[in-house]
Amino acid sequence: MTARLDAVLGNARVPASLVADAQRFGGRRDRDCFAGNLVVRGGSVAGMSQDGPVDTDLGGRLVTTPFVEPHCHLDKCFTIERLDFAGGSLLDAITAQSADKANWTYGDLRGRAERGIREMVAAGTRMVRTHVDWEVDMRDPDRLPLAWRVIGDLAEEWRGRITIQRAALLPIASMADAGYSQAVGRVIAQSGGALGAFVFDQPERAAGIHNMFSVAARHGLALDFHVDEGLSPELDGLELIAREAARTAHAEPVLCGHACNLAVIEQDVRKQRIELTARAGLSVVALPSSNLYLQDRDRTIPRERGLTAVSELLAAGVNVAFGTDNVQDAFCPVGIHDPKRTLAMGVLAAHLPPPLGDRLPLVMQNAAKALGQPLAPVDRSPADALLIWETGDVAELVSGGTYARCRSLHDAMPSH
Ligand SMILES: [Zn+2]
């Protein structure tokens, strides 16, 4: 049975990378897009037609799935103007940002976090995971950080406009304590969120990672790591996580952010680590803005980009996405919560080739997969989950140009 025809939206363009079944879609291939009349049946996109009557003319505008932000910090954003900080390395930024926590009242956190959410929604983002710094109190593991509650309240208020996931950001040394890690895992499972940690060169890192997988398996939690955010070949967190994920066959998604040193370690080690990452089913989220700003700080002039081995990870079949990370705070003094601008920066920093339409999944379907919430391609999507842009040009969209503005495709339907 064929579903009822809702509308034929003439003269649309859909990036081919956002279509699952190109054979059946019916669009005319035009570089990185399909062009034609978008047919909507039973509330969903059924494909494209090339002729016949249309209900409205979209004027060659792009129709896409929404953006997904897989990694940001809504508790820290928009603090740079009040920090006493002259810049520096990752560890300098951590110290400066910690001092700002004295200002973190409910109202302060709420105002800044909501500003970030507004930016995301205006940019066409419909799903986000934000990290939230976890205040470790070994004697009281049940206590939720204020920022966790604030962002939980905002997630409720913004439900229907954007899905907001929280990931707890804990020091990996605290997770090496089996009792504490179990208690925190239980609290996070009760309030909803992912279990995450900062893994660098801490001597407790292997024990901490082991406990996190054990806790996550018990409570069905997704895992999210800040891992190897440095260029030393000694950093081995990604390898430890991949081995643990493969050993335990963890059922929930495991996201590894940063993995900076992967790009600069010796080729044989890199190849082996990338293969391990692929086999373990990890997602790797590259964070171009904070990596460009904070890595390679040991010399007076930066030479290395700090970004993980994006092209080689993609070639090995790893699920790779780009995240915005820090915005106007100690870790990155500039920026905006806009995944398409993050993609533009990633294209530059990782030397990704055109056409740009082929790169959109890095901030759409791949990012959603990393969060364990699949995002349907255009040809399997309800029409009201899609966006229509003022531009028909993917390069302008990704660059955030004058016409990179969107509205719901629902608003372009003739019955609306
Ligand atoms: Zn981060």
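The values are calculated or read from the model by the stated rules, or taken from the named source; none is laboratory data. Just so it is clear, the model here is predicted, and its values are computed rather than measured. Heads up, the Cβs are rebuilt from the backbone with ideal geometry, glycines too, and the neighbour counts pull from every protein chain shown. Ligands, DNA and RNA are excluded from the accessible area calculation, which covers all protein heavy atoms including side chains. Shrake-Rupley method; radii C 1.70, N 1.55, O 1.52, S 1.80 Å.
From its DSSP helices (H runs of at least four residues, each -39,500 (n - 2.57)), the chain gives a residue-normalised ellipticity at 222 nm of -9500 deg cm²/dmol.
Think of region 67-370 as a dipole: +1 on every Lys or Arg Cβ, -1 on every Asp or Glu Cβ, centred on the Cα centre; then among A370, T95, C72, A370 lies furthest on the positive end.
In the calculated pair-distance distribution of region 148-233, the portion above 18 angstrom amounts to 45 percent of the Cα-Cα pairs.
Computed from the C-alpha gyration tensor, the three semi-axes of the ellipsoid equivalent to region 53-102 are 45, 11, 11 Å, from longest to shortest. The label-point distance for Q272 and E234, in a model that sets each label 7 Å from Cα toward Cβ, rounds to 2.0 nm. Once neighbouring chains are kept in place and the probe is 1.4 Å, which whole percent of the accessible area of region 293-416 is contributed by carbon and sulfur? Its accessible area is 52 percent carbon and sulfur atoms.
Evaluate 2.2 N^0.38 Å with N set to the residue count of region 271-416, then give the Cα radius of gyration divided by it.
That works out to 1.16 for region 271-416.
For the pair R139 and H219 in one chain, pulling the backbone fully straight at 0.36 nm per residue adds 26.7 nm over the alpha carbon distance. If I model region 8-86 as equal point scatterers sitting on the Cα atoms and use the Debye formula, what is log10 I(q)/I(0) at q = 0.17 Å⁻¹? Taking Cα atoms of region 8-86 as identical point scatterers yields -0.66. In a DSSP loop and with at most 11 other Cβ atoms within 10 Å, the GluC sites (Glu not before Pro) in region 259-349 are E266.
Can you give the Rg to Rh ratio for the chain, taking only C-alpha atoms and Rh from Kirkwood?
Value, to two decimals: 0.98.
Name the residue, out of S44, S399, S98, whose mean-square fluctuation peaks in a Gaussian network model built on the chain with Cα pairs under 10 Å. Of the options given, S98 has the highest mean-square fluctuation.
For the chain, the dipole from Cβ point charges (+1 on Lys and Arg, -1 on Asp and Glu) about the Cα centre works out to 900 debye, to the nearest 20. For region 125-165, the spread of Cα positions along the three principal axes, ordered from largest to smallest, is 38, 15, 11 Å. Quick one: grab the alpha carbon gyration tensor of region 257-338, order the square roots of its eigenvalues as a ≥ b ≥ c, and give me rounded if a/c is under 1.5, else prolate or oblate depending on whether a/b is larger than b/c. Here region 257-338 falls in the oblate category. Within the set of other residues whose C-beta is less than 15 Å from the C-beta of E81, count the net charge using Lys and Arg as +1 and Asp and Glu as -1. Around E81, the surrounding residues sum to 0.
Note on A122 and S89: the model spin-label points, each 7 Å out from Cα along the C-beta direction, lie 3.7 nm apart. For a straight C-alpha distance cut-off of 22 angstrom, the lysines reachable from K76 (same-chain residues fewer than eight places away being disregarded) are K101, K340.
Based on the Cβ-Cβ distance from D298 to A102, what FRET efficiency comes out when R0 is 41 Å, to the nearest 0.05?
After rounding to 0.05, the efficiency reads 0.85.
The alpha-carbon of K369 sits under 12 angstrom from the alpha-carbons of these aspartates and glutamates, leaving out residues fewer than 8 places away in its chain: E69, E252. Whole Å is fine, so just give me how far the alpha carbon centre of region 252-293 lies from that of region 135-202. Using only Cα atoms, the two centres lie 23 Å from each other. Sparse packing (at most 10 other Cβ atoms within 10 Å of the Cβ) combined with a DSSP loop state is found for the following trypsin sites (Lys or Arg not before Pro) in region 261-339: R299, R303.
Can you classify region 336-403 as rounded, prolate or oblate using the Cα gyration tensor, where a ≥ b ≥ c are the square roots of its eigenvalues, rounded means a/c under 1.5, and otherwise it's prolate if a/b beats b/c and oblate if not? Verdict is oblate for region 336-403. Contact order for the chain, expressed relative to its length and based on alpha carbon pairs under 8 Å spaced 6+ residues apart, stands at 21 percent. In the context of the full set of protein chains, region 67-370 has a per residue accessible area of 39 Å² (1.4 Å probe). The R279 and R29 beta-carbon pair, evaluated with R₀ = 45 Å, returns a calculated FRET efficiency of approximately 0.85.
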